[in-house]
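Novice: Please read through the structure below; I'll follow up with questions.
The numbers here are math on the coordinates, done by the rules we state, and not lab data. Note that the structure is a prediction, hence the values are computed from the model and not measured. Reconstructed Cβ throughout: ideal geometry from the backbone, glycine too, with neighbour counts over all protein chains shown.
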């Protein structure tokens with residue numbers, strides 16, 4: 001028999017919603033997360049302002065509320081990295097860095113991973129001067145220093161990260177490849193109105209070079225010269241994190257896969273299902289739906 005009834009991979013909004021709903025329906029789930037803390041990528045958000053019933057609040061605060069929500073139900077997060085999920089007798093087997101876990105059903109709420117910059121010098125700068133998530137930059141040793149940060153990207157994530165950096169006291173240079181932002185509406189207006197954020201449109205990074213005390217980004221705009229800063233934060237797109245861990249099951253998280261997959265007992269939810277949507281409400285709804293489907297599958301609506 002499998003070790004668990006339901007294993008949830010990822011403790012972001014989708015995973016937390018699924019875990020609480022499973023418990024409410026009589027199933028005590030095993031909740032795994034690579035970082036071992038609730039919140040997921042919502043902790044990167046400058047401000048979450050479109051979740052019904054909540055006042056606008058920083059993503060870090062929402063992450064703390066998710067942690068408190070789990071605690072109220074006596075649910076914890078086990079720090080574990082899931083390398084692969086495959087079919088097994090009676091359900092599924094998860095290969096993790098803590099060993100093998102078997103389960104009757106699995107809810108994959110692993111979110112997304114960033115696309116890497118494919119320019120000379122980028123790989124050498126990673127984790128030293130080049131970052132892909134604002135929380136990693138702000139938690140790095142560079143956070144003790146002050147200087148400019150170069151943000152690459154013109155979508156919602158790039159602008160959201162720029163606002164977080166400006167709030168933390170950094171001067172921010174945003175490099176946008178196109179002649180307009182991919183983001184729109186309130187976020188763009190807020191960036192344009194924030195002192196300390198300078199935007200350059202129509203410039204494409206072509207190389208990164210180390211310089212004294214920082215990094216230089218060469219662009220296709222030779223006349224203006226390289227853009228220098230303490231570090232670079234790249235927000236050039238994200239893809240579902242599930243394609244690699246579900247490779248043996250031939251499930252692609254970037255094709256809008258349904259919450260309930262064709263594989264009985266396997267559920268892909270939130271941004272792991274839809275790609276880089278980044279909406280808390282959608283993730284929570286997915287998590288609730290998957291938990292209810294899993295409970296129906298297991299025929300478990302009784303006491304935990």
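Novice: If you count, for each residue, the other Cβ atoms within 10 Å and average over each peptide, how do 186-199, 93-106 line up from highest to lowest?
Specialist: 93-106, 186-199
Novice: Count the DSSP beta bridges whose two residues both fall in region 116-234, then state the antiparallel fraction as a percent rounded to the nearest 5.
Specialist: Once the DSSP bridges in region 116-234 are tallied, antiparallel ones form about 35 percent.
Novice: Between residue 293 and residue 61, what length comes free when the chain is fully extended (0.36 nm per residue of separation minus the Cα-Cα distance, one decimal in nm)?
Specialist: Stretched out fully, the residue 293 to residue 61 stretch lengthens by 80.5 nm.
Novice: What order, most packed first, do the peptides 110-121, 46-57, 208-219 have when packing is the mean number of other Cβ atoms within 10 Å of each residue?
Specialist: Output ranking for 110-121, 46-57, 208-219: 110-121, 208-219, 46-57.
Novice: To check you understand DSSP bridge types, tell me what percent of the beta bridges within the chain (both residues inside) are antiparallel, rounded to 5.
Specialist: 45
Novice: Next up: If I fit a long axis through the Cα atoms of helix 280-298 and take the longest principal axis of the Cα atoms of the chain, what angle between them do I get, 0 to 90°, rounded to 10?
Specialist: In the chain, helix 280-298 runs at an angle near 20 degrees to the longest axis.
Novice: Next question. What residue among 23, 165, 142 shows peak mean-square fluctuation when the chain is described by a Gaussian network model with Cα springs under 10 Å?
Specialist: The residue with the greatest mean-square fluctuation here is 142.
Novice: With a ≥ b ≥ c the root eigenvalues of the C-alpha gyration tensor of region 57-97, is it rounded (a/c under 1.5), prolate (a/b larger than b/c) or oblate?
Specialist: prolate
Novice: Moving on to the next point. So for the chain, averaging the separation of alpha carbon pairs under 8 Å that are six or more residues apart and normalising by length, what relative contact order in percent results?
Specialist: Contact order relative to length: 23 percent.
Novice: Over region 135-251, what is the mean sequence separation of C-alpha contacts under 8 Å (at least six apart), divided by residue count, expressed as relative contact order in percent?
Specialist: In percent, rounded to a whole number, it is 27.
Novice: What does the C-alpha gyration tensor say about the overall shape of region 1-44? Classify as rounded when a/c is under 1.5, otherwise prolate if a/b is larger than b/c, or oblate.
Specialist: Taking the square roots of the gyration eigenvalues as a ≥ b ≥ c, region 1-44 is oblate.
Novice: Shape verdict for region 191-232, please, from the Cα gyration tensor: rounded (a/c under 1.5), prolate (a/b greater than b/c) or oblate.
Specialist: Oblate shape, in that a/c is at least 1.5 and b/c is the bigger or equal ratio.
Novice: Looking at [x] 26, 24, 18; [y] 41, 23, 15; [z] 38, 20, 17, which value of semi-axes √(5λ) of the Cα gyration tensor in Å comes from a calculation on the structure shown?
Specialist: Recomputing semi-axes √(5λ) of the Cα gyration tensor in Å here picks out [z].
Novice: Also, quick follow-up: Size of region 116-234 along its principal axes in angstrom, Cα-based, largest extent first?
Specialist: Principal-axis extents of region 116-234 (Cα, largest first): 36, 32, 23 Å.
Novice: Next question. Suppose the chain between residue 140 and residue 193 were pulled fully straight at 0.36 nm per residue; how much longer would it get relative to their current alpha carbon spacing?
Specialist: Full-extension gain reported as 16.3 nm.
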